[in-house]
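Chemist: After the structure tokens below, expect a handful of questions from me.
The values are calculated or read from the model by the stated rules, or taken from the named source; none is laboratory data. Just so it is clear, the structure is predicted and the values come from calculations on it, not from any experiment. Don't worry about glycine lacking a Cβ; one is built from the backbone with ideal geometry, like all the others, and counts go over all protein chains shown. Just so you know, the surface numbers come from the protein's heavy atoms only, side chains and all, with ligands and any DNA or RNA stripped out. Shrake-Rupley method; radii C 1.70, N 1.55, O 1.52, S 1.80 Å.
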Amino acid sequence: MISVENLQVEFSGTALFEQVSFSVAPKERIGLAGKNGAGKTTLLRILSGEASPTSGLVTFPDDSTIGYLPQEKAVKSEKNILDETLTVFSFVGKLKTEYAQLQQEIIDRTDYESPAYMKMLERMDVVQHQLSIHDESRLEGKAVKVLKGLGFIENELTRSVKTFSPGWQMRMELAKLLLLQPDLLLLDEPTNHLDIEAIQWLEQFLKNYPHSVLLVSHDRTFLDNLTNRTLEINNGKVYDYKVPYSQYLVLREERQEQQKAAFNNQQKYIKETEEFIDRFRYKSTKAKQVQSRIKMLEKLDTVQPDDLDRSGIHFRFPPAPRSGKVVIEGENVSKSYGSKKVLNHLEFHILKGEKVAFVGRNGEGKTTLLKIIARLLEYEGQLKFGHNVSMGYYAQDQWEMLDPQKTVFESLDDLAVGEVRKHIKSILGSFLFSGEDVDKKVSVLSGGEKARLSLAKLLLQPYNLLVLDEPTNHLDLLSKDILKKALLEYDGTLILVSHDRDFLQGLTERMYEFKNHQIKEFRGSLEEYLEKKRNEIEIQNTPANAEDQGKPESTTKNDWQERKEKDRARRKLQNKLNALEQKIEEKESLMEELNEKLAHPENHADAIADGSLYRQHTQLQKEIEKQYESWEQIHTELENL
């Protein structure tokens with residue numbers, strides 16, 4: 001159990017947290033909610049030990065471990081991806097050395113009753129347990145499996161870390177934490193740099209994670225599928241909801257309504273009491289009652305409704321000018337960077353009014369094609385634009401293209417022409433820039449503020465084609481919902497890249513999947529597309545029966561036979577697993593007996609002196625580790641079935 005008691009955090013005399021207390025139980029999955037600036041990242045940094053509270057206690061069990069993934073991290077390494085990932089296991093070599101030293105020291109010592117001797121035995125058990133968890137022979141295989149799950153392909157694992165983008169480097173940092181399996185895993189926006197496939201893999205990995213997870217995310221689907229508890233930070237307090245994010249939103253609204261009703265009732269009571277006091281203050285016959293009510297008001301705990309943050313962007317895209325029926329048509333579109341082929345002879349078309357999503361893992365060419373469409377890259381083949389097409393483009397790194405020396409107002413004013421210049425402050429207000437905010441330099445804006453300012457630029461003129469590359473990055477959940485609503489109402493053509501499943505669901509009706517330098521069209525919703533991908537993976541993982549190919553009339557019989565064979569194999573593996581667990585239990589009982597003998601060496605002086613007891617201990621430990629390795633292999637085979 002991890003405990004936070006009476007946490008207080010102050011910055012420049014202003015309280016960010018006031019008397020915050022909560023606990024984290026083993027294997028919990030907790031989402032951390034609250035508006036931007038509420039203190040979510042600060043709380044994660046305090047729990048990780050990177051920051052200290054003004055007062056209060058954060059208590060962890062002895063020997064517990066904590067892993068923290070920040071939103072961004074500078075990665076400097078000369079190693080390749082796999083070798084750098086394996087550096088998280090550098091402690092294993094030290095543990096082996098320590099174990100050997102402890103073994104020798106125990107053999108040499110004779111102070112069997114001393115506290116130091118007992119402490120040494122305890123430490124030996126801890127080191128032994130750690131070595132059994134982090135078996136060196138399996139570390140590289142585990143690392144490869146996790147890196148591939150997060151989107152790396154085989155030939156990328158030997159590439160230098162510094163040749164990868166910051167987003168891919170953060171995937172590697174995430175892989176390190178997942179491999180270490182700390183008792184408390186703290187994740188700050190872990191899906192920011194992941195594509196849909198990697199997000200789904202991470203989601204499944206964390207569902208089966210053996211310890212506790214506390215995370216911040218703006219991915220509603222990720223939170224709903226993974227968490228079973230939500231901690232909301234609001235006005236320096238923490239509210240605890242034993243439900244996933246979407247259910248928390250409903251309960252939060254109910255809490256707000258209850259608080260509002262309680263506040264109104266209390267205000268009514270205060271007003272009536274004050275009127276009674278004013279009316280009878282100077283009447284001697286009512287003096288006792290007046291004094292009683294005065295004391296009651298003085299002792300009254302005032303109900304203060306929490307601030308429910310409803311501030312979010314609010315806008316609509318201007319009506320789209322008329323365009324031709326075919327907006328874009330691509331013929332044999334190809335793109336290479338030197339010898340590296342990215343896109344190869346693509347054929348596609350986008351019609352007027354369509355909302356189309358580009359999907360697929362990162363690095364497959366989605367952003368490259370968007371840049372070609374936006375006329376920012378040279379290419380081979382033909383790209384034809386329809387009649388009267390006017391395009392608005394939002395780049396993935398759009399907010400980094402802003403001039404840091406310009407003010408918020410100047411960033412729009414320098415681009416606006418004609419009548420729209422009269423409405424710049426109104427447009428900025430729609431994106432939460434008002435008052436003195438419009439005079440802020442871009443250099444002091446947060447990532448979310450820069451993203452909102454970049455979106456505001458799309459309103460400076462009417463477009464009939466919007467090309468958006470990851471527009472929800474750095475937007476909070478409320479702003480994402482409003483952007484989605486605006487895009488649903490937009491009457492022009494939309495081409496969109498996004499890895500946010502909740503954002504994509506219901507927004508697009510056609511997709512192009514990017515894979516192996518090619519694209520494949522899919523018509524349907526995101527959920528239908530993901531279901532199709534799941535079915536494809538299941539088919540790939542199911543061994544084909546060559547004899548059954550080309551025999552559709554016997555499909556039912558073959559299916560029944562296949563299920564029968566699987567059931568037989570499953571029962572066989574389960575029996576092996578049960579027998580092995582029995583053997584492991586017997587060996588561990590023997591190990592307990594040996595540990596008991598080592599704990600009372602005065603009764604086994606001869607075996608201690610000639611070292612036979614320690615040799616038995618070492619041999620037995622190897623046998624147990626080998627049995628656990630077999631258990632893991634059989635268990636994996638059983639899960640695959």
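Chemist: HN-Hα J couplings of the range 63-69 from phi, Karplus 6.51/-1.76/1.60, θ = phi - 60°, integer Hz, Gly and Pro as x?
Modeler: Result, rounded to whole Hz: 6, 6, 10, 10, x, 10, 10.
Chemist: Ok, one more. So for the chain, taking the charge dipole from beta-carbon charges (+1 Lys/Arg, -1 Asp/Glu), which of Gly386, Ser292, Thr110 sits furthest toward the positive end?
Modeler: Farthest towards the positive end: Gly386.
Chemist: Among (i) -0.35, -0.49, -0.97, -1.40; (ii) -0.29, -0.41, -0.85, -1.20; (iii) -0.22, -0.32, -0.76, -1.40, only one was calculated for this model; which label is it, if the read-out is log10 I(q)/I(0) by the Debye sum over Cα atoms at q = 0.05, 0.06, 0.09, 0.12 Å⁻¹?
Modeler: Recomputing log10 I(q)/I(0) by the Debye sum over Cα atoms at q = 0.05, 0.06, 0.09, 0.12 Å⁻¹ here picks out (i).
Chemist: For the range 240-298, what is the Kirkwood estimate of the hydrodynamic radius, computed as the reciprocal of the mean inverse distance between distinct Cα atoms, to one decimal in Å?
Modeler: 14.1
Chemist: Let me ask something additional. Sort 233-246, 354-367 by packing, meaning the average of other beta carbons within 10 Å per residue, with the highest value first.
Modeler: 354-367, 233-246
Chemist: Any chance you could count the Lys pairs in the range 442-528 whose alpha carbons are under 30 Å apart, treating pairs 8 or more apart or on different chains as valid?
Modeler: Counting lysine pairs in the range 442-528 gives 12.
Chemist: Report, in debye and to the nearest 20, how large the dipole of the chain comes out about its Cα centre when Lys and Arg carry +1 and Asp and Glu carry -1 on their Cβ.
Modeler: Once rounded to the nearest 20, the dipole reads 2460 debye.
Chemist: Here's another thing I want to ask about it. Taking all protein chains in place and a 1.4 Å probe, what share, in percent, of the accessible surface of the range 400-536 do carbon and sulfur account for?
Modeler: On the way: 2870 of 5860 Å².
Carbon with sulfur: 49 percent of the solvent-accessible area.
Chemist: So what does the Cα-only Debye profile of the range 313-388 read at q = 0.11, 0.21 Å⁻¹, as log10 I(q)/I(0), no solvent term?
Modeler: The computed values of log10 I(q)/I(0) come out as -0.35, -1.02.
Chemist: Which of Gln627, Thr85, Gly37 sits closest to the plus end of the dipole of the chain, meaning its Cα is farthest towards the positive end, when Lys and Arg get +1 and Asp and Glu get -1 on the C-beta?
Modeler: Gly37
Chemist: Count the DSSP beta bridges whose two residues both fall in the range 427-523, then state the antiparallel fraction as a percent rounded to the nearest 5.
Modeler: 55
Chemist: Hey, can you grab everything whose amide H is under 5 Å from the amide H of Lys79? Only 5+ residues off in sequence or another chain; H modelled, so Pro and N-termini drop out.
Modeler: For Lys79, whose amide H was placed from the backbone, the distant partners under 5 Å are Val161.
Chemist: Treating the beta-carbon of each Lys and Arg as +1 and of each Asp and Glu as -1, no other charges, what is the dipole magnitude of the range 1-112 about its Cα centre, to the nearest 20 debye? Each step should come with its number before you reach the end.
Modeler: Values: 11 positive and 15 negative charges, 103 e Å.
My answer is approximately 500 debye.
Chemist: Let me ask something else about it. Counting only residues 5 or more places away or on other chains, whose amide H sits under 5 Å from the amide H of Gly381 once H atoms are built in the peptide plane?
Modeler: The answer is Ser334.
Chemist: Can you compute 3J(HN,Hα) from phi for each residue in the range 239-254, using the Karplus curve 6.51 cos²θ - 1.76 cosθ + 1.60 with θ = phi - 60°, rounded to whole Hz and x for Gly and Pro?
Modeler: Using θ = phi - 60°, the values come out as 10, 9, 10, 8, 9, x, 4, 4, 5, 4, 4, 5, 5, 5, 4, 4 Hz.
Chemist: Applying 1/(1 + (r/R0)^6) with R0 = 45 Å to the Cβ-Cβ distance of Ser336 and Lys425, what FRET efficiency is obtained, to the nearest 0.05?
Modeler: Working: r = 46 Å, r/R0 = 1.02.
With a Förster radius of 45 Å, E is 0.45.
Chemist: Sticking with this structure for a sec: In the range 1-57, how does Rg compare with the Kirkwood Rh, expressed as the Rg/Rh ratio over alpha carbon atoms?
Modeler: Rg divided by Rh gives 0.95.
Chemist: Using the Karplus equation 6.51 cos²θ - 1.76 cosθ + 1.60 (θ = phi - 60°), what ³J(HN,Hα) coupling, rounded to whole Hz, does each residue of the range 340-350 give in order, writing x for Gly and Pro?
Modeler: 8, 7, 10, 10, 9, 6, 7, 10, 7, 8, 10
Chemist: Could you calculate, for the range 335-425, the ratio of the Cα radius of gyration to the Kirkwood radius, expressed as Rg to Rh?
Modeler: Working: Rg = 16.9 Å, Rh = 16.3 Å.
Value, to two decimals: 1.04.
Chemist: Under 26 Å Cα to Cα from Lys94, which lysines show up? Leave out anything in the same chain fewer than 8 places away.
Modeler: Reachable lysines: Lys76, Lys79, Lys119, Lys142, Lys145, Lys176, Lys622, Lys626.
Chemist: Considering only Tyr512, Leu494, Leu526, whose Cα is most displaced toward the positive end of the charge dipole of the range 485-528, charges sitting on Cβ of Lys, Arg (+1) and Asp, Glu (-1)?
Modeler: Tyr512
Chemist: Next up: Amide H of Asn464: which non-local residues (sequence gap of 5 or more, or other chain) have their own amide H closer than 5 Å, using H built in the peptide plane?
Modeler: Ser390
Chemist: Using unit Cβ charges (K, R positive; D, E negative) and no other charged atoms, how large, in debye to the nearest 20, is the dipole of the range 214-303 about its Cα centre? Write out the running numbers ahead of the final one.
Modeler: On the way: 17 positive and 13 negative charges, 148 e Å.
Result for the range 214-303 is approximately 720 debye, rounded to the nearest 20.
Chemist: Next up: Between Val303 and Glu596, what is the spin-label point distance in nm, taking each point 7 Å from the Cα along the Cα→C-beta axis?
Modeler: Taking the two extended label points, one gets 6.3 nm.
Chemist: Please give the peptides 461-473, 285-297 ranked by average Cβ packing (other Cβ atoms within 10 Å per residue), highest first, as a rough proxy for protection.
Modeler: Result, highest mean first: 461-473, 285-297.
Chemist: I've got another one for you. Based on DSSP, what percent of beta bridges with both residues in the chain are antiparallel, to the nearest 5?
Modeler: Bridges in the chain that DSSP calls antiparallel: roughly 55 percent.
Chemist: A follow-up question, please. Could you state the number of Å between the C-alpha centres of the range 77-102 and the range 333-347?
Modeler: Using only Cα atoms to place each centre, the spacing works out to 41 Å.
Chemist: Moving on. Grab the Cα-Cα distance for Leu577 and Glu528, subtract it from 0.36 nm times how many residues apart they are, and report the gain in nm with one decimal.
Modeler: Full extension from Leu577 to Glu528 adds 13.9 nm.
Chemist: Going highest first, how would you order 499-511, 568-580 by mean Cβ packing within 10 Å?
Modeler: On the way: 499-511: 20.1, 568-580: 12.7.
The most tightly packed comes first, giving 499-511, 568-580.
Chemist: Right, another one. How much area per residue is accessible in the chain when the probe is 1.4 Å and only protein heavy atoms are counted (Å²)? Don't jump to the answer; show the numbers that get you there.
Modeler: Values: 34360 Å² over 641 residues.
Normalised by residue count, the accessible surface of the chain is 54 Å².
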